[in-house]
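Only one structure is covered here, and it is reproduced in the block below.
Rule-based calculations on the coordinates, nothing more; no lab input. None of these values were measured; they are calculated from a predicted model.
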Amino acid sequence: MFLHIGKGHMIEKENVVFIGDLESTMDSEITNEFFDIIREEGFIINYFEDDVSSFILTGEKIYLSIISSTTLKSRMEEII
């Protein structure tokens with residue numbers, strides 16, 4: 001099964017470790033530093049030019065998404 005993260009991009013549900021709200025997470029200085037480091041190291045995948053609102057942590061990468069974390073979490077629970 002796959003999780004649609006916006007504009008036709010998908011990741012395998014089994015690889016998802018955590019889904020978070022980007023805006024509320026970025027209130028922390030430590031989290032900002034963490035995201036800066038992983039961005040420099042190439043671990044962030046961002047397919048979107050639009051404002052992103054959430055992130056999906058997998059075992060190897062962090063994917064940014066334009067879809068809200070609430071909607072992504074609901075999609076994770078859907079059984080097709």
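Karplus couplings for the range 51-67 from phi (6.51 cos²θ - 1.76 cosθ + 1.60, θ = phi - 60°), rounded to Hz, Gly and Pro as x?
The phi angles translate into 5, 8, 10, 8, 9, 10, 8, 10, x, 10, 9, 10, 9, 8, 9, 8, 8 Hz.
Which of these values of Rg and Dmax of the Cα atoms in Å was calculated from the structure shown: [x] 15.4, 45; [y] 12.2, 39; [z] 11.7, 39?
[y]
Angle check, please: helix 29-40 long axis (alpha carbons) against the longest principal axis of the chain (alpha carbons), in degrees 0 to 90, nearest 10.
80
Read phi for every residue in the range 14-21 and hand back ³J(HN,Hα) as whole Hz from Karplus 6.51 cos²θ - 1.76 cosθ + 1.60, θ = phi - 60°, with x for Gly and Pro.
Each residue of the range 14-21 in turn: 5, 8, 6, 9, 7, 10, x, 7 Hz.
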